[in-house]
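K.L.:
Submitted below is the structure of interest, expressed as structure tokens.
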Amino acid sequence: MNSEKPNTDPVANELVTKGAFALYHAENAHRVAEFKKSKNAEAAIAADFDAYRSRYLRKFRDVFDSLSEQGLTVTRAV
């Protein structure tokens, strides 16, 4: 996997960011559930994700690249 290569494709970058956010949700369901109890849940979740953003971007980029190497693609459902 070559997650160190920069990707200048804005659609791919958006998919990786959204995928990273989904991965954050999946791995931190307990934290997200607690944040959802607050008045400003979306802001709390976004702030927590921002604290771990680079980790989840890297993790999802690795998954994204690995899938691409296998001939699979990540797409956005419409």
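K.L.:
Give me the residue from the stretch 38-56 that is small (Gly, Ala, Ser) and surrounded by 13 or more Cβ atoms within 10 Å (Cβ to Cβ) and, out of that set, nearest to His25 (Cα to Cα).
P.N.:
Within the stretch 38-56, the subset small (Gly, Ala, Ser) is 38, 41, 43-44, 46-47, 51, 54.
Checking which are surrounded by 13 or more Cβ atoms within 10 Å (Cβ to Cβ) leaves us with 41, 44, 46.
Details: Ala41: 13, Ala44: 13, Ala46: 11 Å.
My answer is Ala46.
K.L.:
Listed residues Glu14, Glu34; which is part of a helix (DSSP H, G or I), modelled with pLDDT under 95 and of a type in the set (Asp, Glu)?
P.N.:
On the way: Glu34 fails: modelled with pLDDT under 95.
Sole residue among the options that is part of a helix (DSSP H, G or I), modelled with pLDDT under 95 and of a type in the set (Asp, Glu): Glu14.
K.L.:
Something else: Is there any pair linking a residue in the stretch 59-75 that is in contact (Cβ under 8 Å) with a residue 12 or more places away in the chain to one that is of a type outside the set (A, V, I, L, M, F, W, C) and in a loop (DSSP other than H, G, I, E, B), with Cβ under 6 Å and at least six apart or on different chains, and which?
P.N.:
Arg61/Ser3; Asp62/Ser3; Asp65/Ser3
The values are calculated or read from the model by the stated rules, or taken from the named source; none is laboratory data. Only a predicted model underlies this, so the values are computations on that prediction, with no experimental measurement involved. Neighbour counts run over all protein chains shown; Cβ positions are idealised from the backbone, glycine included.
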